[in-house]
Structures are given as C-alpha cells and as structure tokens.
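Peer 1: Next up is a structure, given as structure tokens.
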Amino acid sequence: MKQNHFAGTGKLLKLYLRRDRIVLPIWTLLPIFLIMSQLSFVKAMPDWQVFIAELSASPVTAAMLGPIIPLSIEGAILWRGLLQASIAVMFGAALIMIRHTRTEEASGRNELILGRSVGRYANLSAALILSCGGSLLAGLLTAAVLMGNGLAGNGSLLAGLTLAASGCIFAGIGGFVAQIFEHSGSARGCIFGVYMLTMVAMILNNIGGGSTGWAWLAPEAWFRITVPYEGNHAWKLLIFIVLSALPIMLSYMLLVRRDMGAGLIAQKEGSADASPRFNSSMAFAWRQQKGSILVWVIGMAWLGGIMGMGTPNISEAISSTFAHMDTSWASAIVKLGNHEAFIAIFIYMLGLMGGLSVFAITAVQRLRQEEKEHYAEMVLSRPVSRVKWMGSYLAVAFAGSVLILFALGLASGLGWSIAAGEFSHFPRVLAMSLSKIPSVWTFIGIAAFLYGWLPRIADLLNWLILGVFIFIEMLWEVGIAGWSAMQWTPFAYAHYIIPIHELSIVPLIVLTGITAVFIWLGFIGFGRRSIR
C-alpha cells in the first residue's frame, strides 16, 4: 500500500466523530450500564453464592448462557453482563463501519469526498479507527468500572480488552461485507446473519460445557477463552488480534478490486421487458423483498432445526433452589420444565426480541431507500397512489414476518419432535412462534409511522426504540425493572414466561389494533409530505 492512499484519513475521522456525536456515546457507554446492572443484581442478593451455583448448574441457563466461570461474584458478572456488553459492542462497531463505507458510497457522498485530496483507503481507514477505537474505549471504561467496584485489576483489564476484541472483529466483518454488497441494507442483514451463526456456536459451546472449540467462533463468548479473574489467559488476545486482522486485510484488498459504488457481488441486470406479473405495486414490492425474506426463512429454519434437535439433550431435572426463587423467569422455568423453557426462550429471542423485530424494521426501511434513490418518484409518477405504493411494501412486510415465524416454529417443533420421538411437542412450539406475530407487527407499525412523519431520522429512531425495549428486558431479567415496565414493550404480551396454553389473546388483538392505528397515521404523514 502506498502512503498517499491514506491521505485525508484524519480529516475524515474528525468528520465521522462529529456525525456520530450522539450514536457513538450510546454504544460505547451501553456496556457500562449492562455491567453495572448485573453487578447491582448480584450484589443485592443476600445468598448470591448459592444463587450463582444453582444458575451454573441449571441445564437451561447453562445451555443458553453457559456455566459461571469462575464460580464467584466476578464470574457471575461476566456470565451475563459481559455477554450482553459484547453483543452491544459487536453490533455498534459493525453498523458504524457499514454506515461510513457502504452507505456513503450508495448515497454518492463518497464520490464527492474522493474528488478532493483524499486517498483511496482514507474512508475505510477512518471508519475502522472509529469502530475499533470505540470498541477499545468501551472496553477500557468497562475495566475501570469493574476495578472501581473492587474487582481485581488484572482480571478487569483482561475482561475489558476481551470486550474490545469482540468489537474489533465485528468492525472488520462490517468492513468486509461493505465491500461485497452493493446496498447497505444487504450488508446490515449479513451482519445479523453472522451474529446468528455466532449465537449457534455459543450455545453449542455452552451445551458442551463452556470451554469447547466452538467458543472461538463466538466473539460474545471470548471471555470463556481468556477466563478473566481465574485463568487470565492474556496471551490469547494476540490470537483475537490476528482473527480481527483477517477481515480487515480482506476489506483493503477488495476495496481496490471493485468499482466505486458497486459491490463485489454485481447486481444482476433486469430484463429489458417487464413481465406482465409486474403490473401492480404489490408484485413489484414482493419482487424486491422476496430474496431477503427467503434468506430469513432458510436461516430461521436452520437455526430452529438445530436448536429443536438439541433440546432433548438438556437435562429435565429442575433445581430445588429455582422452585423457591421469587423471580418470574425462575418460576417460568419450573412451570414449563427445562425442555419447554429452553425452546420458549430460544423462539422468543429469534422470533421477536433479537430476530423478527430486526426484520420488521429493515423491511419498512426499504421504503426510505426507494425514496432516496428516486425509484419511488418514478413509480408514483404512474397511476399509483401513495397509499397503494406504501401499503404494498407494508403488506409484504406483514406477510413475510408470518412466513418466517411459521418456518421457525415448524423447524423447531419438528426438530424437537423427531429428536425426542414424541410429536406432541410440535403444535405447542408452532403456536409459540406464531404467537409472536402481533408483537412483530407492532414494530412494523411504529416504523411505518416514523417513515410517514419523520423520514430523515426514522432509521435512527427505529433502532433507538428497539434498543430501549431490549434494555428494559435486560433490566427486568436482572430484577431492576418490574413487570409493569415490561408491559410498555411489545415483548411482554408474547413473553417466554407465559405458557402457550395460558397466553391471553386479548392483548394480542389490542397490539394488532395499535399497529393498525400506527399504519393509518403513517399513511396520513406520508400523504402530507413531499417526496425527498
């Protein structure tokens, strides 16, 4: 690489710091709040030693989150707090990379930047410094918080650097997928897909005892490799650095091997003559989104099948301590049993909290993308009303979410039934998945409302709202927030703690009605504003 290829990196970094003056503090400080929440939760328990021993021995919690290592207050904090903090940093670093690389190219702003005295690698380098620097800052602040609460300095620093390493590798992956795909939405979707794969690796590692080779494929579980406060294997950070450097190097190599504005995977040219099937806006909306829906269906079916077939391997024995714990989730595990609780939590995470809520937001964001690329203006110049055009994309989002949830429930239920040799599990699991539909639709409604009235900041607000809902869920799980706070989120009305045969249909009907109101308001807002 020639030195002049990096010219202007510093100036671009200043520009990106200014643009991210709100987003950057959110994802760098969020790990601190998550760690402090777990710290407060553990310290508030009078018999926390017995509590964490029982959690570590529980088949369900061990399968989802792994055993607590070391079996101490430090291990309990890492067990949940550092896991959540790593996920926050991983997504923050990757999405920042995509925003300042692929999104800049897709919008045409990168061409204006490169028209000045700026090197070819400056944009990628500035985004990389920002992402990795933010990850390192989050790690160092986390280490400072841990040491400030009386934990050992060596272990705290190692925990913080392990957190930073998980962010750096996802920053590299974000830069890599930004070179492959032409649209930023596809790159972001790929990041979520990669995370789903790491989650499978994490669960396989946890089921295997928490220290298998699968942990290397799950950056959110890398603290199980470095083992802060017990093994303190700091030298393994060097391996993490090498692993992070691989996608970064590939990003630089691919950057000079593709055209500006294009991805490594070239967009296929359409037919010169449109098929008669595309004589409606609905058909056009389906044609544009069917690829991403198919990927979601295949991914959810694969993940559901793997987790369903692994469910019988979890011990069904319920801990006696769980039976006496005064917490909603412990009571739910006792009531459901380990097998059903495991599959219920899994479907809740993928089918709602961390999976289909993401699909709902990205599906509606396609409207804004079409508008920014002036395709909406071309379609609306024809005899197509605004309501019909916007409604077509929303209808595809509604139908796609149902199809994906059906695939998840079908695969999970069949996997569990085939592995257990008992097909009575199938209808319950399928119902668990389909019960998430109204909650997912609520996210579609919120996104449609924001698109209609606040298109310029709708994307940011959508992810911020989802982040707030997930944060409330985390606070509830550690006992800081009550169930009354959870009821302000769509998660509460199809939650895993509610057995499927006790799930009330009335709140789900109310959620559907709220979604309809949001959609109606979104149509009004879109009809009153100009196309940008």
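Peer 1: Could you tell me whether ALA88 is modelled with pLDDT of 80 or more, in a helix (DSSP H, G or I) and buried (at least 22 other Cβ atoms within 10 Å of the Cβ)?
Peer 2: It is true that ALA88 is modelled with pLDDT of 80 or more, in a helix (DSSP H, G or I) and buried (at least 22 other Cβ atoms within 10 Å of the Cβ).
Peer 1: Next up: Here are ILE472, ILE444: which of them is surrounded by fewer than 21 Cβ atoms within 10 Å (Cβ to Cβ), within 22 Å of the chain's Cα centre (by Cα) and part of a helix (DSSP H, G or I)?
Peer 2: Just a single option satisfies the conditions, and that option is ILE472.
Peer 1: Then there's this: Of the residues that make up the stretch 387-399, is at least one of a type in the set (D, E, K, R), surrounded by fewer than 24 Cβ atoms within 10 Å (Cβ to Cβ), on the phi < 0 side of the Ramachandran plot and at pLDDT 90 or above?
Peer 2: yes
Peer 1: Give the residue, chosen from ALA187, ALA171, ALA165, ALA143, that is closer than 30 Å to LYS14 by Cβ, in contact with a Ser or Thr (Cβ under 6 Å, 6 or more places away or on another chain), touching a residue at least 60 places away in the same chain (Cβ under 8 Å) and among the aliphatic types (A, V, I, L, M).
Peer 2: On inspection, the qualifying residue turns out to be ALA171.
Peer 1: Test of understanding: among ILE265, ILE239, ILE225, which residue is more than 21 Å from the chain's Cα centre (by Cα), among the β-branched types (Val, Ile, Thr), under 29 Å from SER135 (Cβ atoms) and modelled with pLDDT under 80?
Peer 2: Of the residues listed, the single one that is more than 21 Å from the chain's Cα centre (by Cα), among the β-branched types (Val, Ile, Thr), under 29 Å from SER135 (Cβ atoms) and modelled with pLDDT under 80 is ILE265.
Peer 1: State whether the residues of the stretch 511-520 include one that is free of Cβ contacts under 8 Å to residues at least 24 places away in the same chain, aromatic (Phe, Trp, Tyr) and assigned to a helix (DSSP H, G or I).
Peer 2: Yes, that holds for at least one residue.
Peer 1: Mind checking whether some residue in the stretch 472-485 is under 30 Å from ILE77 (Cβ atoms) and out of contact with any helix residue (DSSP H, G or I) (no Cβ under 8 Å at 6 or more places or on another chain)?
Peer 2: yes
Peer 1: Something else now. Would you pick out the residues in the stretch 228-256 that are of a type outside the set (A, V, I, L, M, F, W, C) and assigned to a helix (DSSP H, G or I)?
Peer 2: LYS236, SER244, PRO247, SER251, TYR252
Peer 1: Here is a check on your reading of the model: is ALA411 small (Gly, Ala, Ser), assigned to a helix (DSSP H, G or I), more than 18 Å from GLY304 (Cα to Cα) and in contact (Cβ under 8 Å) with a residue 12 or more places away in the chain?
Peer 2: Considered against the rule, which asks whether it is small (Gly, Ala, Ser), assigned to a helix (DSSP H, G or I), more than 18 Å from GLY304 (Cα to Cα) and in contact (Cβ under 8 Å) with a residue 12 or more places away in the chain, ALA411 comes out as no.
Peer 1: Testing SER439 on (1) more than 30 Å from ASN279 (Cβ to Cβ); (2) modelled with pLDDT under 95; (3) not aromatic (Phe, Trp, Tyr), one condition comes back false. Which one is that?
Peer 2: (2)
The values are calculated or read from the model by the stated rules, or taken from the named source; none is laboratory data. As the structure is a prediction and not an experimental result, all values here were calculated from the model. FYI the Cβ positions are ideal-geometry reconstructions off the backbone, even for glycines, and counts take in every protein chain you see.
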